[in-house]
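Structure first, then comments.
Each value in this text was obtained by applying a stated rule to the coordinates, not by laboratory testing. Everything numeric here is computed off the predicted structure, so don't read it as measured data. FYI the Cβ positions are ideal-geometry reconstructions off the backbone, even for glycines, and counts take in every protein chain you see.
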Amino acid sequence: MPQLARHAFLHGALAIVPLSLAVAPWGLLAGSMAIEANLTALQGQGLSAIVFAGAAQLVAIGMLKGGANLASILLTTLLLTSQHLLYGLSMRPVLSPLPLRWRMGLGFLLTDEFFALTSRYDQQQFNRWYALGVGLTFYVAWNLFTLVGIIVGQNIPHLDQLGLDFSIVATFVALITPLVRNLPTLVCVAVSLFTSVLFTHWHWETALVAAGLLGMGAGFVCQKLAEGRS
Amino acid sequence: MIWLLIAGMGTLVFLNRYAFLEPRLPLRLGSNARQFLGFAVPGMLTAICGPIIFMPDHQLDLSLLNPYLLGSLVAIALVLLTRRVLLSMLVSMLIFFLLRSWLA
C-alpha cells in the first residue's frame with residue numbers, strides 16, 4: 001500500500017470511530033440474542049461476519065424464536081435491507097467505474113454508516129482507500145461487539161428472562177419515531193402495527209411480511225393521494 | 001437450516017447492496033418503486049415490534065398496564081423530547097425493567 005493510500009485508509013478508519021462505538025449495544029444484542037435463540041457461537045458470529053446488517057440480523061433472530069419459516073425470514077430480510085438498493089443507486093457514479101474487486105468489496109461494506117460518511121464525495125474527491133478504511137473498521141467493530149455479546153450470552157444464565165426482547169422494541173421504536181414526520185409515514189406505521197398484531201393473533205406464518213407490505217402500501221397510497229391533491 | 005439461512009441472508013443483503021454498483025446494469029428504480037421502498041424501514045420495523053409489544057408470551061395483552069406498551073410509549077416520548085436515539089433506548093429499557101418488576 002503506497003503512503004498516500006495508507007494515509008487515506010487511516011483517515012477513513014478514524015472518521016468512523018464514533019459511529020463504531022455507537023453501534024456497540026446493537027452488536028452486543030446481536031451476539032447475545034443469537035445465543036438466546038439457541039444458535040451456536042459460530043452461527044451467531046457467522047451472522048455478523050457474513051450478513052453484516054444489524055436490523056436484518058436482529059429481526060431474523062426474533063423471527064427464528066417465533067418459529068417463522070425460512071422463506072418468510074428471507075423475504076423479510078430482502079424487504080428490510082432494500083434501502084441498500086437506494087444507497088447503491090446513489091453511489092453508482094463513484095463506485096461503478098471501479099474494478100470488480102473494489103466494487104464487490106466496498107459493496108459488501110455498504111452499510112447505513114458507510115453511506116453516511118462516504119456518499120458526500122463526488123467522483124474527483126472520492127478516495128477508495130478512505131472508503132475501505134471506513135468500511136473495514138466498522139466491520140471489525142461490529143464483529144468484535146458481536147463476539148462480546150456471544151460470550152456474555154453464554155455465561156450469564158437466564159438471559160432470556162431479562163426481557164431482552166424489549167431491547168429490540170426500544171431500539172426499533174427509537175429508530176422509527178424520528179422517521180414519522182408526515183401523514184403517509186404515520187399511516188404506514190399505524191397499518192403495519194395493527195395488522196401485525198391481528199395476523200399474529202390469527203397465527204399467520206407470514207404475518208410480519210404481510211403486515212409490513214400492507215403498511216408500506218398504505219403509506220405509498222397515502223403519499224400518492226397527497227401528491228395528487230397538491 | 002441455520003447455515004442455509006445465514007448464507008441466504010448474506011446473499012440477499014449483498015445483492016441489495018451490489019445491484020446498482022454493477023456497471024452493466026442499465027436498470028433504474030422507477031420513482032414509484034423508490035417511494036414504496038422508502039416505507040420499508042418504518043413499515044417492516046413496526047411489524048416486527050407489534051407482536052412483541054401486544055402479544056408477550058403469545059397471548060394478546062391490550063391492557064394499559066402492559067409493561068411492553070408502557071416502555072414503548074416512554075421510548076417514543078424520550079426520542080421526541082431528547083432526539084437522542086441511544087439515550088432513549090437505554091432509559092426506556094431501564095424503565096421497562098422497573099415497570100416489569102412492579103407490575104409482575
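Put a dot 7 Å past each Cα toward the Cβ at A:Ala71 and A:Leu42; how far apart are the dots in nm?
Here the answer is 3.0 nm between the modelled labels.
Using only the Cα atoms of chain A, build the gyration tensor, take square roots of its eigenvalues as a ≥ b ≥ c, and label the shape rounded, prolate or oblate: rounded if a/c is under 1.5, else prolate if a/b is larger than b/c, else oblate. Show your work: numbers first, answer last.
Details: a/c = 2.17, a/b = 1.21, b/c = 1.80.
It comes out oblate by the Cα gyration axes.
Could you check the spin-label model distance between A:Leu225 and B:Leu64? Points 7 Å from the Cα along Cα→Cβ, value in nm.
For A:Leu225 paired with B:Leu64, the spin-label model returns 3.0 nm.
Of all the stretches in chain A, which is the longest one without any exposed loop site, taking chymotrypsin sites (Phe, Trp or Tyr not before Pro) in a DSSP loop (any state but H, G, I, E, B) with at most 15 other Cβ atoms within 10 Å?
Answer - A:1-120.
When a footprinting reagent is the concern and you count Cβ atoms within 10 Å, what order do A:Thr200, A:Thr206, A:Thr77 take, fewest first?
Result, fewest neighbours first: A:Thr206, A:Thr200, A:Thr77.
Rounded, prolate or oblate: which fits segment B:1-60 when a ≥ b ≥ c are the square roots of the eigenvalues of the alpha-carbon gyration tensor, with rounded for a/c under 1.5 and prolate only if a/b beats b/c? Mind dumping the intermediate values first?
Details: a/c = 5.29, a/b = 1.58, b/c = 3.34.
Oblate is the answer for segment B:1-60, as a/c is 1.5 or above yet b/c matches or exceeds a/b.
Nothing charged except the Cβ atoms of Lys and Arg (+1) and of Asp and Glu (-1): what's the magnitude of the dipole of chain B about its Cα centre? Round to the nearest 20 debye.
Approximately 460 debye in magnitude.
Hey, fewest Cβ within 10 Å first, where do B:Phe14, B:Phe54 land in order?
Least to most surrounded, the residues fall as B:Phe14, B:Phe54.
What is the average number of partner chain Cβ atoms found within 10 Å of a Cβ in B:54-61? Don't skip to the answer; put the middle values down first.
On the way: counts 7, 5, 3, 0, 5, 1, 4, 0.
Per residue, the number of nearby Cβ atoms from other chains is 3 on average.
Would you mind ranking B:Ile52, A:Ile35 by Cβ crowding within 10 Å, fewest neighbours first?
B:Ile52, A:Ile35
Take the alpha carbon atoms of segment A:87-140, find their center, do the same for segment A:1-70, and report the distance between the two centers in whole angstrom.
Each part's Cα centre sits 18 Å from the other's.
Under a point spin-label approximation (7 Å from Cα along Cα-to-Cβ), what is the A:Arg181-A:Ile151 distance to one decimal in nm?
4.0 nm
For the protein assembly as shown, what does -39500 (n - 2.57) per DSSP helix run (n ≥ 4), summed and divided by total residues, give at 222 nm, in deg cm²/dmol to the nearest 500?
Helix-only estimate at 222 nm: -23500 deg cm²/dmol.
Find, among the trypsin sites (Lys or Arg not before Pro) in chain B, those assigned to loop by DSSP (not H, G, I, E, B) with at most 15 other beta-carbon atoms within 10 angstrom.
B:Arg24, B:Arg28, B:Arg83, B:Arg84
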